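Written out below as structure tokens is the structure these notes cover.
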Amino acid sequence: MPDPVETSKIQTSEPEPAAPEKLGTQENRKWPVLAEFTPEALAKMEKVLPSKLNRIVQTSLAGCIHCGMCTEACHYTQSIPEDKTLVPAYKADRFRKWYKYRYDWMAKAFPSFVGAKPLSKDLADEMYDKLWGGCTMCRRCTFNCPMGVDYGMMVRAARGIMCEAGRVPQNLQDTVDAHYNHGNNMAVPQDEFIETIEWIEEELQSEEGCEHFTIPLDKKGAQYLLTLNPREPKYYPMTIQSTAKVLNAAGVSFTISSRYWDMTNYAMFNGMDGDAKLFAKWLFDEVDRLGCEYLMSGECGHGYRGIRWEMSNWLGGVPFKITSSMELFADLIQTNRLKLDKSVHDNKIFTYHDSCNIARSGGVLEEPRVVIRAAVNNFVEMPHNREQSYCCGGGGGALAMPEFAKRRIASGKIKADEIKATGANVVLQSCHNCTDMLKEICEHYGIHAKVMNLAELLDPALVLTD
Amino acid sequence: MENKVSYALYVLQEPVQYIALTFMALMYAIKIYQLMKKPGPPEKAELKGDRYAGALHSLANVLRPWGMESTRSHPYFYVEFLIFHIAVALTIGSTFFIPLTPWLMTPLVSKVIMVFMGLAFLIGLRRIYRRITVPEIRIISSPDDFFAITLMTVFFAVGFVTMWLWIQGKPETGWMWLFFLMVTFFLIYVPFSKISHYVLYPFGRVMYGQVFGGRGILNRNAR
Ligand code: SF4
Ligand code: SF4
């Protein structure tokens, strides 16, 4: 497959308000998605497998000793204990059996002795079920594995192989294709995006004390280039408004690109490296075009990880700094650039859900707590927090796979139990997939709690001074 | 202690072991070469932690039962694991000490090794039982898993008796023959079995430590 980064002609001129430019790739694509594994798809998978075996993936495939220490780490196993096929090692073995059949020395002579199996439609179907619909790549098991088996990398490799062969959940692939074709994963047209931001800016300016606050688009030389999750302009404009309010209140120089502003990267979930790299490259080019010092992710779990940690690996390094609004908020608080009145939140009890990609895979562990402790008096940690937090069940692109929705909701039970244990009536988090999942599980498991992000927490507590 | 044995047992205890050991080393070298050919975990992003400290921290994980929830909440597993692997190390050691430095194998040293072998035998039995009876373990077990743990358990039993006879001053017994025949089999078989996990172990732990140490997740207190 040609490298999409090379083939896409990224336009670099300033946007013309009257004629929105064609963002995304020049030629639209619809990835061919198969309803089932065909002999050709299996042959394609056989062909792709070697290219996905980097050192971590190979060690993770070859190194599992079936000790079962990871079993209790997984939110699927905890929430759905009756289904033993959701045990991490069992799920990974659907891939491992095939790997062993190809590469394990003993399997060459005695395949069934080591549990190896040739790739068949049945085995591929199991891979599909367990590795798309039974693992959110949250890596909680990895942190509990004595061998250091990296489920995030291993499952992503398996997904990438299946995706290359055309077996990928349709809705997830549509999300990636929308990003590929339009420059953001909800295909928000440029003019609509600009209008939305302008409208949010007006709303912001109508708030008391915010008359001079702005949400600058394409402001060259701004210090921070703020990126967004497309769900924000589409469904949650208030989160943009709150973020902008906090940044304005602290006098932060920031801007949003009118072109490539989508921080999400669903190619992290379908395992397609070329697409992941392309989406990262678009953001890279925007930082370059606008001459910003920082690329900043908003509150989005995988988006943060993609930008903060993976982008540099995909692109071979970046010449600018990368941060997130969570980290910036904490810094603004610690340097006294934000004044907060905690009493506005005194009638509520807060807890915080650590998104797996922000905490366990991203290293943002204390910053959200700095923000929360500065803004509220009643904060209760969940029994498992920071890098030990359970996945809410909405990670790994799970929300984009409606065919597995029932299992996804069931898998959220352990998180629901932990939220209940805190007695909180507000669940804070910093991720849009987590937002949706937490809302769903709160409703499903009868928890009367509001779900909000850190910007929404800070917004009402801000004490605005001249 | 002295190791006065027949020429035949000498051949088994020394030249045969060296050949088998060389074979094992060669197999491992190939395994490691195949792994090292693959691209390692890159980290071109600005680090928040320390990849080297992370790797060391991760390698030392084995000495920190409180480090992982899986061992923290099951200290019994950890103790089992520790005894079992110490027994493995001592048993491997004894296969060198008996023929090469028999004077090191004093009754006290031999008794210590014997105790570990005996405990490891019991742990082996429990692990076989667990593999058979715990559904989530049974479902992930292959014949190789059963064979490996059974073999080790039998090996510890044989080693226990051998060591007991050795303490009685009997260096050449049928048990000693069986013990060294099993060692030979191990040296040839292990590179093809799951028992060779210890070759991958440092790679897995170091890469884990590099990734999550570099991202500032591991070893936070030290920083
Ligand atoms: S990565 Fe997360 S969801 Fe997947 S098996 Fe491990 S703990 Fe379970
Ligand atoms: S803890 Fe690690 S080695 Fe043990 S079964 Fe799970 S993945 Fe395999």
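A few remarks follow.
- Antiparallel DSSP beta bridges within the protein assembly as shown, percent to nearest 5: 5 percent
- Inter-chain shielding of A:66-74 (mean C-beta neighbours from other protein chains, 10 Å cut-off): 6
- Using alpha carbons only, the radius of gyration of the range A:312-466 set against its Kirkwood radius gives Rg/Rh = 1.00.
- Charge dipole of chain A about the Cα centre (unit charges at C-beta), most positive-ward option of A:S355, A:T227, A:T71: A:T71
- The relative contact order of the range A:299-450, computed from alpha carbon pairs under 8 Å that lie at least 6 residues apart in sequence, is 28 percent.
- Residue with peak Gaussian network fluctuation, chain B [Cα springs, cutoff 10 Å], from B:S110, B:S193, B:S142: B:S142
- Rg/Rg_globular for the protein assembly as shown, with Rg_globular taken as 2.2 N^0.38 Å and Rg from C-alpha atoms: 1.08
- A:E232 accessible area, assembled protein chains, probe 1.4 Å, Å²: 10 Å²
- Counting 0.36 nm for each residue step from A:Y235 to A:K22 and taking away their Cα separation leaves a gain of 74.4 nm.
- Cross-link partners for B:K44 among the lysines, with Cα-Cα distance under 23 Å and sequence neighbours closer than 8 places in the same chain left out: A:K52, A:K277, A:K281, A:K321.
- Shape call, the range A:110-153: gyration tensor on alpha carbons, a/c limit 1.5: oblate
- Residue-averaged beta-carbon neighbours from other chains (10 angstrom radius) around B:142-152: 3
- A simple spin-label model places pseudo-atoms 7 Å from Cα toward Cβ; at A:R369 and A:A35 they are separated by 5.2 nm.
- Percent of C-alpha pairs per 10 Å bin, the range A:206-256, short to long: 24, 55, 20
- Counting only aspartates and glutamates at least 8 places from B:K31 when in the same chain, those with an alpha carbon closer than 17 Å to its own are A:D104.
- P(r) tail fraction, the range A:89-203 - alpha-carbon pairs more than 18 Å apart, %: 63 percent
- Carbon/sulfur fraction of accessible area - the range A:309-410, other protein chains in place, 1.4 Å, %: 48 percent
- Annotation: amide H-H contacts under 5 Å for A:S430 (H modelled 1.01 Å from N, sequence separation of 5 or more, or interchain): A:S355.
- The Cα center of the range A:433-466 and the Cα center of the range B:68-106 differ in position by 51 Å.
- Cysteine residues of chain A whose Cβ has no partner cysteine Cβ closer than 4.7 Å: A:C64, A:C67, A:C74, A:C135, A:C145, A:C163, A:C210, A:C292, A:C300, A:C392, A:C442.
- Computed over the range B:1-131, the Cα gyration tensor eigenvalues convert (square root of 5λ each) into semi-axes of 36, 24, 14 Å, ordered from largest to smallest.
- Cα-centre dipole for the range A:39-168 with unit charges at Cβ (Lys and Arg positive, Asp and Glu negative), debye to 20: 380 debye
- Calculated on the Cα set of the range A:153-244, radius of gyration then Dmax: 17.6, 55 Å.
- Rg over Rh for the range A:182-333 works out to 0.95, both radii taken from alpha-carbon positions and Rh defined as the Kirkwood radius.
- Volume per residue of the convex hull around the Cα atoms, evaluated for the range A:391-466, comes out as 93 Å³.
- Extension gain (nm, one decimal) between A:H448 and A:A421, 0.36 nm per residue minus Cα-Cα: 8.5 nm
- Distance between the 7 Å Cα→Cβ label points at A:K439 and A:K339: 3.4 nm.
- Candidate lysines for bridging to A:K47, where Cα separation is under 16 Å - those fewer than 8 sequence places away on the same chain excluded: A:K100, A:K121
- J(HN,Hα) series, the range A:45-60, from Karplus relation 6.51 cos²θ - 1.76 cosθ + 1.60, nearest Hz, glycine and proline x: 4, 4, 6, 7, 3, x, 5, 9, 8, 7, 5, 5, 5, 5, 4, 5
- Gyration tensor verdict on the range A:25-178 (Cα atoms; rounded if a/c is under 1.5, prolate if a/b is larger than b/c, oblate otherwise): oblate
- Amide H contacts of A:S324 (H built 1.01 Å from N, under 5 Å, at least 5 apart or other chain): A:S297
- Sorting A:K342, A:K100 by accessible area puts them as A:K342, A:K100; the probe is 1.4 Å, largest comes first, and only protein heavy atoms count.
- Of the peptides A:69-77, A:302-310, the order by per-residue mean of other Cβ atoms within 10 Å, starting with the highest, comes out as A:302-310, A:69-77.
- Whole-percent carbon and sulfur share, accessible surface of the range A:39-168, 1.4 Å: 56 percent
- Here the Karplus curve 6.51 cos²θ - 1.76 cosθ + 1.60, taken at θ = phi - 60°, turns the phi angles of the range A:72-84 into couplings of 6, 6, 8, 5, 5, 5, 5, 8, 10, x, 6, 9, 5 Hz, with x standing for Gly and Pro.
- 5 Å binning of all Cα-Cα separations within the range A:281-389, expressed as whole percents from 0 upward: 2, 11, 19, 20, 18, 13, 8, 5, 3, 0
- For chain B, the alpha carbon positions stretch 64, 37, 35 Å along the principal axes, listed from largest to smallest.
- Dipole magnitude for chain A: about 2240 debye, using +1 per Lys or Arg Cβ and -1 per Asp or Glu Cβ, origin at the Cα centre.
- Taking the Cα centre of the range A:374-423 as reference, the dipole from Cβ charges on Lys and Arg (+1) and Asp and Glu (-1) amounts to some 200 debye.
- 3J(HN,Hα) along the range B:153-170: 5, 5, 4, 5, 5, 4, x, 4, 5, 4, 5, 4, 5, 4, 4, 6, x, 10 Hz, from the Karplus curve 6.51 cos²θ - 1.76 cosθ + 1.60 with θ = phi - 60°, whole Hz, x for Gly and Pro.
The values are calculated or read from the model by the stated rules, or taken from the named source; none is laboratory data. All figures in this text were calculated on a predicted structure; none of them were measured in a lab. FYI the Cβ positions are ideal-geometry reconstructions off the backbone, even for glycines, and counts take in every protein chain you see. Surface accessibility is based on the protein's heavy atoms, side chains included, excluding ligands, DNA and RNA. Shrake-Rupley method; radii C 1.70, N 1.55, O 1.52, S 1.80 Å.
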